[in-house]
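Just below is one structure, and these are the notes that go with it.
The values are calculated or read from the model by the stated rules, or taken from the named source; none is laboratory data. Not measured: the values here are computed from a predicted model. Note that we place each Cβ from the backbone using ideal geometry, even for glycine, and neighbour counts take in every protein chain shown. The accessibility values were calculated without ligands, DNA or RNA, using every heavy atom of the protein model including side chains. Shrake-Rupley method; radii C 1.70, N 1.55, O 1.52, S 1.80 Å.
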Amino acid sequence: MSTTVPKKITLRTADNHEFEVDEAVAMELGTVKTFFDENPDATDEPIPLPNVSSKCLSTIIEYCKFHLSLRARGNDSSSAEEEGKVYDEELIKAHDNESLVELILAVNYLNIKDMLDTLNQGVADRIKNKSVEYVRRFFGIENDYTPEEEAEIRAQYEWAFEGVDPDDD
């Protein structure tokens, strides 16, 4: 009985680290899949991922491996669905705001829709009902309003600032 060894693909991050992954994992990365679809004769050279750090790619690879194994078990399994949900929640909890935003940018670049949806929901949950100042800090957005302009906007849209949770960062 012969077993086929999965084809390996090497990915090179922006910080010049190389990751050798099974082809199935690499094909979860939409950007890599598109590269191979457009370059069927691609060599065994590492695929550069200029917008992805090694820290992010490591997390992304683990996510893809986990979800591939769940899909291999079958989507009809409610325990698999629950495991996936728990895994995704733990993934969000494990990252601070800054690393979560960095991960979202990498996942968006790599075009991994399910993971992007999960991460975006995590961010939405974190900023839900938070103050404008909290959201600015979360995304690193500089306030470009003068104090007078901001006071005017706050007065005009008072309702939008009612019942906001206290900032807890």
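For the stretch 48-62 and the stretch 86-119, what is the centre-to-centre distance using only Cα atoms, to the nearest Å?
Each part reduced to its Cα centre gives a spacing of 11 Å.
For Asp37, Asp15, write out the residues from largest to smallest accessible area, computed with a 1.4 angstrom probe and no ligands counted.
If we order Asp37, Asp15 from most to least accessible, we get Asp37, Asp15.
Pull up the DSSP beta bridges for the chain and report the antiparallel fraction as a percent, rounded to 5.
Bridges in the chain are about 60 percent antiparallel.
Quick check: net charge around Ile112, other residues with Cβ under 12 Å of its Cβ, Lys/Arg +1 and Asp/Glu -1?
Working: positive: Lys33, Lys113; negative: Glu28, Asp114, Asp117.
Neighbour charge sum, excluding Ile112 itself: -1.
On average, how much accessible surface per residue is there in the chain, in Å², for a 1.4 Å probe, leaving out ligands, DNA and RNA? Display every interim value, and only then the final one.
Details: 11130 Å² over 169 residues.
Ligands and nucleic acids excluded, the result is 66 Å² per residue.
When the convex hull of the C-alpha atoms of the chain is computed, what volume per residue in Å³ does it have?
Numbers: hull volume 29.5 nm³, N = 169.
So the per-residue hull volume is 175 Å³.
Run the simple label-point estimate for Lys7 and Ser78 please: 7 Å along Cα→C-beta, distance reported in nm.
4.0 nm
Please calculate the 1.4 Å probe accessible area of Glu18, with all protein chains present, and give it to the nearest 10 Å².
Glu18 has an accessible surface of roughly 100 Å² with all protein chains in place.
How charged is the neighbourhood of Lys8? Take every other residue with its Cβ under 12 Å from the Cβ of Lys8, and add Lys/Arg as +1 and Asp/Glu as -1.
Taking every Cβ under 12 Å from that of Lys8, the sum is -4.
Take Met115, Met27 and sort them by solvent-accessible surface of the protein heavy atoms, 1.4 Å probe, largest at the top.
Solvent-accessible surface, decreasing: Met27, Met115.
With runs of 4+ DSSP H residues as the only contributors, calculate the mean residue ellipticity of the chain at 222 nm using -39,500 (n - 2.57) per run, divided by the residue total and rounded to the nearest 500.
Values: 8 runs with 96 residues, N = 169.
The helix-only estimate for the chain comes to -17500 deg cm²/dmol at 222 nm.
List the lysines whose alpha-carbon lies under 19 Å from that of Lys113, not counting same-chain residues fewer than 8 positions away?
In chain and number order, the partners are Lys33, Lys65, Lys85.
What's the carbon and sulfur percent of the chain's accessible surface, probe 1.4 angstrom, rounded to a whole number?
Values: 5580 of 11130 Å².
C and S atoms contribute 50 percent here.
To the nearest 0.05, what FRET efficiency results for Asn143 and Asp167 with a Förster distance of 22 Å applied to their C-beta separation?
Calculated transfer efficiency: 0.90.
Starting from 0.36 nm per residue, how many nanometres of slack lie between Lys113 and Glu62 once their C-alpha separation is accounted for?
Stretched out fully, the Lys113 to Glu62 stretch lengthens by 16.8 nm.
Report the extension gain between Ala155 and Ser99 in nm, rounded to one decimal, defined as 0.36 nm multiplied by the number of residues separating them, less their alpha carbon distance.
Result for the pair: 16.7 nm of gain on full extension.
If each of Asn129 and Glu20 carries a label point 7 Å out from its Cα toward its Cβ, how far apart are those two points in nm?
Going from the Asn129 label point to the Glu20 one covers 5.1 nm.
Give a quick list of GluC sites (Glu not before Pro) in the stretch 106-169 that DSSP marks as loop, anything other than H, G, I, E or B, with at most 12 other Cβ atoms within 10 Å.
Answer by residue number: Glu142, Glu162.
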